[in-house]
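So the structure is just underneath, and the comments pick up after that.
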C-alpha cells in the first residue's frame, strides 16, 4: 500500500513537471555532451581541420542543444502540464524591472569580462569556433547560435526546473538544487567555470523569482556569453576579425 501511494505521488502533476526539469537538465545534458563528443572538434588553431567545417559544427551543436534543452522538455511540459507557460517565467511581455535588473547586471559583467577574456585559460577555450579569421557574418551567426541555445538553456533551468521545484520545496532548496545541477553541467569546461556557476546560479534564481520572469536570467546569460566571445576575439593573439585586418 505504501509503495502504491508513493507511485501515485510520482504521477502527480507537480512531480511530473519537476521530473521533466530534472531529467533534461541531467540525463538530457549527458546525452547532449556525449553526442557532441562524437563530433570531434579541436581547440588548437594549428589543427588541420577545415575552418568552415569547424564553425558549422559548433553552430550545429548549439542548435542541437536548443533542441535537447528547449524543444523537447517544452513539448513534454505542454503535453503533461496544465500550467500556463507564464507560470514558469515565460511572460508575454518583458517587464521594465527585468530590463533594469539586466542593465545593472550588465554594468557589472561587461567590465569583468573585458579583463577576464584576456586570460590564457579563457583564450584556450574561447571563442569556441577555432577559426583564425572571422568574417562579420560568422560573428553574427555565432552570436545568433548563442542566443538560440541560451534561450532554451535558461527556459529549462530557470523556467521549468526552477518554477516546478519552487512549488515542491520552497525557494532555498529549489535554488540550491538548481545551482548544484547548473554547476555540474559546467564540469566539462573546467573547475573555474564549474565553481563560478554556483554563485551565478544562485544569483540568477534570485533574480528570476524576484521578477517572476525567466527573461532576466536569459538576458544576463546572453550578455555574459556574447561579451566574453567578442572580447576573446579582440584579445586573442592569433584570431582576428576580417574587418580589423
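Criterion applied to 195, 166, 162, 177 was being more than 17 Å from residue 123 (Cα to Cα), buried (at least 22 other Cβ atoms within 10 Å of the Cβ), in contact with a helix residue (DSSP H, G or I) (Cβ under 8 Å, 6 or more places away or on another chain) and at pLDDT 90 or above, and the one residue passing it is 162.
The C-beta contact set for the range 199-213 (first residue at negative phi and touching a residue at least 12 places away in the same chain (Cβ under 8 Å), second residue in a loop (DSSP other than H, G, I, E, B) and surrounded by fewer than 16 Cβ atoms within 10 Å (Cβ to Cβ), distance under 8 angstrom, 6+ apart or interchain) comprises 211/95; 213/94; 213/95.
This table checks each residue for (1) buried (at least 16 other Cβ atoms within 10 Å of the Cβ); (2) closer than 23 Å to residue 162 by Cα; (3) without any contact (Cβ under 8 Å) to a residue 60 or more places away in the chain.
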position: 85; (1), (2), (3): yes, yes, yes
position: 96; (1), (2), (3): no, yes, yes
position: 104; (1), (2), (3): no, yes, yes
position: 117; (1), (2), (3): yes, no, no
position: 127; (1), (2), (3): yes, no, no
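Scanning the range 32-41 for residues that are modelled with pLDDT under 75, surrounded by fewer than 17 Cβ atoms within 10 Å (Cβ to Cβ), touching a helix residue (DSSP H, G or I) at 6+ places or on another chain (Cβ under 7 Å) and not in a helix (DSSP H, G or I) turns up at least one hit. Looking at residue 90, is it touching a residue at least 24 places away in the same chain (Cβ under 8 Å), part of a loop (DSSP other than H, G, I, E, B) and within 30 Å of residue 58 (Cα to Cα)? When the stated conditions are applied, residue 90 passes them.
Scanning the range 110-128 for residues that are closer than 20 Å to residue 191 by Cα, in contact with a helix residue (DSSP H, G or I) (Cβ under 8 Å, 6 or more places away or on another chain) and in a helix (DSSP H, G or I) yields a count of 5.
The values are calculated or read from the model by the stated rules, or taken from the named source; none is laboratory data. A quick note: this is a predicted structure, and the numbers were derived from the prediction, not measured. Neighbour counts are summed over all protein chains in view; Cβ atoms, including those assigned to glycine, are modelled from backbone coordinates with ideal geometry.
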